[in-house]
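For reference, the structure discussed in these notes is given below.
The values are calculated or read from the model by the stated rules, or taken from the named source; none is laboratory data. These numbers come from a predicted model, not from an experiment. Cβ placement follows ideal geometry from the backbone for every residue including glycine, while neighbour counts extend to all protein chains displayed. Each accessible area value is taken on the protein alone, full model and side chains, heavy atoms only, with ligands, DNA and RNA left out. Shrake-Rupley method; radii C 1.70, N 1.55, O 1.52, S 1.80 Å.
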Amino acid sequence: MTARFRPEIAARLLVGAGLAVFAWPALAQVYRCDSPNGVPVYQGTPNGANCHPIDLQPLTTIPAPRLPPAKAAGTASAARASPEAFPKVDGAAQRARDGDRRRILEDELKKEQQRLGELKAEYKGGEPDRQGNERNYQKYLDRVARLEEDIARTESNIASLRRELGTIRE
């Protein structure tokens, strides 16, 4: 008996093969195997020692929300504009607030500068006086390191306060 080409069977086979190719990723199996050094290995084939198939639940995906369309104006000033319900402050009140802020920052700056002077006086250029409870030399070194850290932190605070003072409107 000779085989005849039958187009309807060929079409069914092609459709079936196509469906199998597209459905294969959904049917893929993941195996947990032990490597020779005992570390678990996850792979798509059961090649290795002590392989077990893992049941994986399908992943849930949630699309990101759509962004509102951009306004027609499209200018940078429109992006920075305050919302209508945002409270407005009159100029005199804002100048008073800025003055209070400047005064508070200047007071903090004076305190930090005074503290820096005290720390540097105690530090004495890296050789502070030893105290009575520092018979152990390591305690002395720890205090010197703490003083260095305090000086660096205070200098950083002073720089930050000066930067902040520079941002206040006149």
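Numbers at a glance
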| read-out | value |
| --- | --- |
| Residue tally, condition surrounded by fewer than 14 Cβ atoms within 10 Å (Cβ to Cβ) and assigned to a loop (DSSP other than H, G, I, E, B), over the range 108-128 | 1 |
| Residue within the range 133-148 that is under 32 Å from the mean Cα position of the chain (by Cα) and open to solvent by 100 Å² or more (accessible area, probe 1.4 Å) present | yes |
| ASN133 out of contact with any Phe, Trp or Tyr (no Cβ under 8 Å at 6 or more places or on another chain) and in a loop (DSSP other than H, G, I, E, B) | yes |
